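Single-structure report; data block below.
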Amino acid sequence: MKILGWKELPIGGLILEGGTAAQYITGGWRTMRPVIDTAKCINCLTCWCYCPDSSIKVENEKITGFDLDHCKGCGICAKECPPKVQAIKMVAESEVRG
Ligand code: SF4
Ligand code: SF4
């Protein structure tokens with residue numbers, strides 16, 4: 001294996017293109033996951049607006065689930081769901097993974 005000199009090494013700390021975070025399965029850190037009760041959900045999309053990881057899946061203006069590869073389990077979606085609806089609850093990963 002050729003050992004590179006410092007002039008040949010790529011410069012570190014640079015983000016050369018956008019959207020690369022999607023390549024990392026950051027959901028592996030999660031200890032809690034959101035679970036939705038679709039019968040309660042009124043599809044107001046408030047959770048979608050607030051999710052910091054763009055992990056609320058929407059199709060035809062309706063919630064279809066969560067991107068668990070990238071959801072970090074912060075619980076913001078459950079907190080922001082309207083109090084009269086409360087369609088999302090956070091569940092411990094140990095409960096769903098067994
Ligand atoms: S728990 Fe946090 S990261 Fe996961 S879907 Fe809800 S708001 Fe997004
Ligand atoms: S905030 Fe609650 S009611 Fe609104 S779309 Fe999300 S889960 Fe459904």
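The values are calculated or read from the model by the stated rules, or taken from the named source; none is laboratory data. Remember, it's a predicted structure, so these values are computed and weren't measured experimentally. Don't worry about glycine lacking a Cβ; one is built from the backbone with ideal geometry, like all the others, and counts go over all protein chains shown.
Conditions tested, residue by residue: (1) away from ligand 2 (no atom under 11 Å from the Cβ); (2) of a type outside the set (Ser, Thr, Tyr).
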position	(1), (2)
PRO34	no, yes
CYS47	no, yes
TYR50	no, no
ILE63	no, yes
PHE66	no, yes
GLY73	yes, yes
LYS79	no, yes
ALA87	no, yes
ALA92	yes, yes
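Can you report the number of residues in the stretch 19-53 which are of a type in the set (Gly, Ala, Ser), surrounded by 18 or more Cβ atoms within 10 Å (Cβ to Cβ) and more than 11 Å from the chain's Cα centre (by Cα)?
Qualifying residue count for the region: 0.
From the residues in the stretch 58-98 that are in a loop (DSSP other than H, G, I, E, B) and among the aliphatic types (A, V, I, L, M), which one is farthest from THR26 (Cα to Cα)?
My answer is VAL85.
Which pairs turn up if I take residues in the stretch 82-98 that are closer than 13 Å to THR46 by Cα and look for partners that are among the hydroxyl-bearing types (Ser, Thr, Tyr) and exposed (fewer than 13 other Cβ atoms within 10 Å of the Cβ) with beta carbon separation below 8 Å, at least 6 apart in sequence or on another chain?
ALA87/THR38
Scan the stretch 54-71 for residues that are touching a Phe, Trp or Tyr at 6+ places or on another chain (Cβ under 6 Å) and either crowded, with 17+ Cβ neighbours inside 10 Å or in contact (Cβ under 8 Å) with a residue 24 or more places away in the chain (or both) and jot them down. Outline the logic, then answer.
First, pick out the residues of the stretch 54-71 that are touching a Phe, Trp or Tyr at 6+ places or on another chain (Cβ under 6 Å): 55-56, 58.
Passing the criteria: SER55, ILE56.
State which residue is nearest to ligand 1 (Cβ to nearest atom) when the search covers only the stretch 25-53 and only residues that are in contact (Cβ under 8 Å) with a residue 60 or more places away in the chain and outside any strand (DSSP E or B).
Looking at residues that are in contact (Cβ under 8 Å) with a residue 60 or more places away in the chain and outside any strand (DSSP E or B), I get ARG30.
So GLY12 passes all but one of these: (1) at pLDDT below 90; (2) under 23 Å from the mean Cα position of the chain (by Cα). Which condition number does it fail?
Condition not satisfied by GLY12: (2).
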